[in-house]
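Peer 1: Below is one structure. I have some questions about it.
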Amino acid sequence: MPQPYVLLSAAVSLDGYLDDTGPGRLLLSGPADFDRVDEVRAGSDAILIGAGTLRTDNPRLLVNSPERRAARLAAGLPEYPLKVTVSASGDLDPEARFWHTGGEKVVYTTDEGAKRLTEAGIAADVVPLGSDLPWPAVLAHLGDVRGVRRLMVEGGGRVHTQFLQQGLADELQLVLAPLLVGEPDAPRMFGAGAYPGGPRSRMRLLETRPVGDVVLMRYVPSVPGTGPAVSAADRHWLDLACALAAECPPSETAFSVGAVIVAADGTELARGHSRQAGDPVVHAEEAALAGLDPADPRLSSATVYSSLEPCARRASRPAPCARLILDAGVRRVVTAWREPDTFVEAADGTGVLTAKGVDVVVLPEYEERAKAPNGHLLGR
């Protein structure tokens, strides 16, 4: 199963702090934003916090609105999302409110931590993962065993940092509060270290809007993965390629395909779709590459995202898209769907590309989305 969609959620001061150094928790937002967070929780399958946040804030992590809880039940979901925490040591207070409110709970830990938690009588499903706590293993268990498709991560800063540095966060919902903390020892949202794409890489802004006296900003990562490794940004860019496929003028003789070309630092270089600008035979990758200078040095480290695998043979033009990609010097392609035999038998653009050393990554969880604008062509 695909890993859960990971949404990082936090509020910060204007100078980037999550809290101050006082004995109580600093409330950075107000009633309107608390209600928004409640709505996001209600739309999640699970909510995760780190052990440090559990110890410091002693949160309940509930959906407070009775109407939202009722809507979850009506949809066949548990009244409350699964509550998740992680602790290598297993040093957690069994009396914390986290364990005694809401619905089911799970704690991921090490083998040694599991012994400590069991002895303490923690009221949760204790899942040992060996000698350490790798985040991919936590996400895999949540997806495969717990059926979690949408995971909301509410902190703390160390957890948020690790998810972003490891390329595991699909979205960041950041609330900016109109105050300054100015205490150098106070906790910050993100820590120092290596992030995907390097220090100058940019995220994509999806939305910004006021919520009471704070401002909500929604970002998604933009830096592609490398080689066969899949990043969260790969999923976002492929999702965009599928959206472009839906914009294609319909055809009875060709597939509707969308393509996006993205530089290694996350900069979108070009996009295209089938039959773009009224050309009845242009392909998506062809249209995108046509908008770039063939000598652009960024192409050699770029990724092409295409909703359908690049074609290996075509009748409408001399060069198929797989050849155009090779000629452009691109070394990585991410696609949702292998080309069926509808128009070309034994189509194998992937084989053409991989034979020349190009990394081709297929994300089958996007296949149905890629097929959607082509339903009238399938089944022939």
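Peer 1: Cα-based Rg (one decimal) and Dmax (whole number) for the range 107-200, in Å?
Peer 2: Taking only Cα atoms of the range 107-200, I get Rg and Dmax of 16.3, 47 Å.
Peer 1: Further question: Across the chain, where is the longest run that never hits GluC sites (Glu not before Pro) in a DSSP loop with at most 16 other C-beta atoms within 10 Å? Could you put the intermediate results ahead of the total?
Peer 2: On the way: sites that count: Glu79, Glu95, Glu104, Glu247, Glu252, Glu345.
It runs 105-246.
Peer 1: Can you check what the net charge comes to around Pro31, using other residues whose Cβ is under 15 Å from the Cβ of Pro31 (Lys, Arg +1; Asp, Glu -1)?
Peer 2: -4
Peer 1: Charges on Cβ only, +1 for Lys and Arg, -1 for Asp and Glu, centred on the Cα centroid of the chain; of Leu240, Gly103, Asn64, which one is farthest towards the dipole's positive end?
Peer 2: Value: Leu240.
Peer 1: Would you calculate the separation in nanometres between label points at Asp213 and Ser131, each defined as 7 Å from the Cα along the Cα-to-beta-carbon direction?
Peer 2: Modelled inter-label distance: 5.2 nm.
Peer 1: A follow-up question, please. For the range 5-220, compute the orientation-averaged projected area of the C-alpha convex hull (one quarter of its surface), in nm².
Peer 2: The orientation-averaged projected area of the Cα hull of the range 5-220 comes to 12.3 nm².
Peer 1: Here is a further query. Sequence-distant or interchain residues sharing an amide H contact under 5 Å with Ala270, placed H: which?
Peer 2: Ile261
Peer 1: For the range 232-377, what is the per residue volume of the convex hull drawn over the alpha-carbon atoms, in cubic angstrom?
Peer 2: Working: hull volume 14.1 nm³, N = 146.
Cα-based convex hull of the range 232-377, divided per residue, equals 97 Å³.
Peer 1: Sorted from fewest to most neighbouring beta carbons within 10 Å, what does the list His160, His236, His273, His100 look like?
Peer 2: His100, His236, His160, His273
Peer 1: Can you compute the helix-only [θ] at 222 nm over the chain? Use -39500 (n - 2.57) per DSSP H run of at least 4 residues, normalise by all residues, nearest 500 deg cm²/dmol.
Peer 2: -7500 deg cm²/dmol
Peer 1: Something else: Take His141 and Leu77, extend 7 Å from each Cα along the Cα→Cβ direction, and tell me the distance between the two endpoints in nm.
Peer 2: According to this spin-label approximation, the distance is 2.3 nm.
Peer 1: Show me, for the range 221-231, the HN-Hα J-couplings you get by feeding each phi into the Karplus relation (A = 6.51, B = -1.76, C = 1.60, θ = phi - 60°), rounded to Hz, glycine and proline as x.
Peer 2: Per-residue couplings from phi come out as x, 10, 7, x, x, 10, x, x, 6, 9, 9 Hz.
Peer 1: How many times 2.2 N^0.38 Å is the alpha carbon radius of gyration of the chain?
Peer 2: 1.11
Peer 1: Once amide H atoms are placed 1.01 Å from N in the peptide plane, what residues at a sequence separation of 5 or more from Leu206, or on another chain, have their amide H within under 5 Å of its amide H?
Peer 2: Those qualifying (amide H under 5 Å, at least 5 residues apart or on another chain) are Arg218, Tyr219, Val220.
Peer 1: May I pose another question? Leu179's amide H: which non-local residues (gap 5+, or another chain) put their own amide H closer than 5 Å, with H modeled 1.01 Å from N in plane and none for Pro or chain starts?
Peer 2: For Leu179, the qualifying residues are Leu14.
Peer 1: Can you give the local net charge around Arg204? Use residues other than it whose beta-carbon is closer than 11 angstrom to its beta-carbon, Lys and Arg +1, Asp and Glu -1.
Peer 2: On the way: positive: Arg202, Arg218; negative: Glu171, Glu207, Glu268.
Result for the neighbourhood of Arg204: -1.
Peer 1: Please report, in debye to the nearest 20, how large the charge dipole of the chain is about its Cα centre when each Lys and Arg carries +1 at its beta carbon and each Asp and Glu carries -1 there.
Peer 2: 440 debye
Peer 1: With a Förster radius of 45 Å, plug the Cβ-Cβ distance of Asp15 and Ala246 into 1/(1 + (r/R0)^6) and report the FRET value to the nearest 0.05.
Peer 2: 0.60
Peer 1: Applying the Karplus parametrisation 6.51 cos²θ - 1.76 cosθ + 1.60 with θ = phi - 60° to the phi angles of the range 304-312, what ³J(HN,Hα) value in whole Hz is obtained for each residue in order, glycine and proline being reported as x?
Peer 2: Taking θ as phi minus 60°, the curve returns 9, 9, 9, 5, 10, 4, x, 5, 9 Hz for the range 304-312.
Peer 1: Under a Cβ-only charge scheme (Lys and Arg +1, Asp and Glu -1), can you give me the dipole magnitude of the range 212-358 about the Cα centre, in debye to the nearest 20? Display every interim value, and only then the final one.
Peer 2: Details: 13 positive and 18 negative charges, 56 e Å.
Here the range 212-358 has a charge dipole of around 260 debye.
Peer 1: Over the chain, what relative contact order in percent results from Cα pairs under 8 Å that are six or more residues apart?
Peer 2: 14 percent
Since every read-out is calculated from the coordinates, none of them should be taken as a lab result. Note that this is a predicted model, so its numbers are computed, not measured. Please note: Cβ atoms are built from the backbone with ideal geometry, for glycine as well, and neighbour counts cover all protein chains shown.
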